[in-house]
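Here is the structure we will look at.
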Amino acid sequence: MDGNLIRIREKKLEDAVSDYAWCCDPELSRLDAARPLAMSLSGYISEYSAELRYPSLTRRRFAVETMDGKHIGNCSYYNIDLKRREAEVGIMIGDRDYWSKGYGTDTINTLISYVFDKTNFNKLYLKTLDWNFRAQQCFRKCGFTQYNRIHRDGHDFVLMEISRDGWQKMMAEQEQYGRNAVAAEQANSD
């Protein structure tokens, strides 16, 4: 699944070392309202390998890589509810060299497009820490809207969602905007 800046692909065992480093990173853990991982690399690789062999039915995890194949993060949809036709989404750009450069936004847009194209889900939702304004801005750019706030495990979260209809409307508006821009440019060059 290609975006403009990134490619989302299936996870593979070679991703484990960078995933482990990101899970052990205190700053990345703080952004995820979690504690840094306190497990050995060998133990992590063992669990990672098992998860690749026996994937969860309620979660799909993907690697995020640059167009030239550099693994820079992960994204997923999880808490899959087939009856309600919805899932929660998550993203982590672990490589700081790719922060604040549009890679997160492109990842979320690519993930949303994939989920709405490949599943019958009608809604995607997420939670992000209330102080993580960079993430909230990214999610808003992608069409998510805030619908609630919660306090859980000592943290305050903003809850956001996007519907299939909202996504399709946003994509149609962007397509129309692009057509209008091309028409205006052609009119100016005549």
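Since every read-out is calculated from the coordinates, none of them should be taken as a lab result. Treat the numbers as computed from the prediction; the structure is a model and nothing was measured. When we count neighbours, we look across all protein chains shown, and the Cβ atoms used for this are built from the backbone with ideal geometry, even at glycine.
If we count chymotrypsin sites (Phe, Trp or Tyr not before Pro) as exposed when they sit in a DSSP loop and have at most 14 other beta carbons within 10 Å, what is the longest stretch of the chain that avoids them all? All intermediate terms of the calculation are to be shown ahead of the outcome.
Working: sites that count: Trp99, Trp131.
The longest such stretch corresponds to 1-98.
Within 10 Å, at most 16 other Cβ atoms, and a DSSP state outside H, G, I, E, B define an exposed site. Report the longest part of the chain free of exposed trypsin sites (Lys or Arg not before Pro).
Numbers: sites that count: Lys12, Lys70, Lys83, Arg84, Arg85, Lys101.
With a cap of 16 other Cβ atoms within 10 Å, the longest stretch comes to 102-190.
With a cut-off of 8 Å between alpha carbons and a minimum separation of six or more residues, what is the relative contact order of the chain in percent?
On the way: 265 pairs, mean separation 32.7, N = 190.
Relative contact order of the chain: 17 percent.
Report the paramagnetic label zone for Ala183: residues of the stretch 137-170 whose backbone N is under 20 Å from a point 7 Å from Cα along the Cα-to-Cβ axis.
Label zone hits: 169-170.
Consider the candidate values (1) 1.01; (2) 1.27; (3) 1.12; state which one is Cα Rg over 2.2 N^0.38 Å computed from the structure displayed.
(3)
Which value at 222 nm does the chain reach when only helices count, each DSSP H run of 4 or more adding -39,500 (n - 2.57), with the total divided by all residues and rounded to the nearest 500 deg cm²/dmol? Walk me through the numbers on the way to the answer.
Numbers: 6 runs with 79 residues, N = 190.
Calculated mean residue ellipticity at 222 nm is -13000 deg cm²/dmol.
Please order Thr145, Thr119, Thr107, Thr128 by the number of other Cβ within 10 Å, starting at the fewest. It would help to have the intermediate numbers written out before the result.
On the way: Thr145 12, Thr119 17, Thr107 27, Thr128 23.
Ascending number of Cβ neighbours within 10 Å: Thr145, Thr119, Thr128, Thr107.
Using the Cα centre of the stretch 6-189 as origin and beta-carbon charges of +1 (Lys, Arg) and -1 (Asp, Glu), tell me which of Ser46, Cys23, Ser163 is placed farthest towards the positive end of the dipole.
Towards the positive end, the residue furthest out is Ser163.
Note the count of lysine pairs whose C-alpha atoms are less than 15 angstrom apart in the chain, limited to pairs 8 or more residues apart or on different chains.
Details: Lys11/Lys70; Lys12/Lys70; Lys83/Lys123; Lys101/Lys141; Lys123/Lys169; Lys141/Lys169.
For the chain, qualifying lysine pairs total 6.
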